[in-house]
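These notes are about the structure you will find just below.
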């Protein structure tokens, strides 16, 4: 019997840099909905897909991208690099203040 190749892509592991994991899992920084959405978007990147809303952020370094998560309870950002074969590196996670026009 010949084994069929696995059709399911292998998820790239995540390397958490600095305080990125602590920041993402801190309920004071990321709401529950923001954490769920960030997890979903990072999982897409692990599978080799683009997040739903992102932009290049080469100012930080070549290949750096920013996931933008805009919810009713805040604007959240996840900075990452996925260009390396061995892992997806999450560099920074933060809650961006919302500014309202007067």
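The values are calculated or read from the model by the stated rules, or taken from the named source; none is laboratory data. If you're wondering where the values come from, they're calculated on a predicted model, not measured in any experiment. Because the Cβ atoms are built from the backbone with ideal geometry, glycine has one as well, and the counts that use them run over all protein chains shown.
Does residue 18 qualify as being more than 15 Å from residue 81 (Cα to Cα), surrounded by fewer than 17 Cβ atoms within 10 Å (Cβ to Cβ), within 15 Å of the chain's Cα centre (by Cα) and modelled with pLDDT of 95 or more? Working first, answer last.
Details: more than 15 Å from residue 81 (Cα to Cα): no; surrounded by fewer than 17 Cβ atoms within 10 Å (Cβ to Cβ): yes; within 15 Å of the chain's Cα centre (by Cα): yes; modelled with pLDDT of 95 or more: yes.
Considered against the rule, which asks whether it is more than 15 Å from residue 81 (Cα to Cα), surrounded by fewer than 17 Cβ atoms within 10 Å (Cβ to Cβ), within 15 Å of the chain's Cα centre (by Cα) and modelled with pLDDT of 95 or more, residue 18 comes out as no.
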Can you name the condition, by its number, that residue 18 falls short on among (1) assigned to a loop (DSSP other than H, G, I, E, B); (2) touching a strand residue (DSSP E or B) at 6+ places or on another chain (Cβ under 6 Å); (3) in contact (Cβ under 8 Å) with a residue 40 or more places away in the chain?
(2)
Across (1) part of a helix (DSSP H, G or I); (2) in contact with a helix residue (DSSP H, G or I) (Cβ under 9 Å, 6 or more places away or on another chain), residue 11 clears everything bar (1)
Considering only segment 60-80, state which residues are buried (at least 20 other Cβ atoms within 10 Å of the Cβ) and over 15 Å from residue 39 (Cα atoms).
65
Right, residue 77: modelled with pLDDT of 95 or more, outside any loop (DSSP other than H, G, I, E, B) and over 21 Å from residue 15 (Cβ atoms) or not?
no
Hey, could you check segment 26-63 for residues that are assigned to a loop (DSSP other than H, G, I, E, B) and in contact (Cβ under 8 Å) with a residue 60 or more places away in the chain and say which is farthest from the chain's Cα centre (by Cα)?
29
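Here is a yes/no grid of residues against (1) in contact with a strand residue (DSSP E or B) (Cβ under 8 Å, 6 or more places away or on another chain); (2) at pLDDT 95 or above:
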| site | (1), (2) |
| --- | --- |
| 43 | no, yes |
| 62 | no, no |
| 67 | yes, yes |
| 72 | no, no |
| 90 | yes, yes |
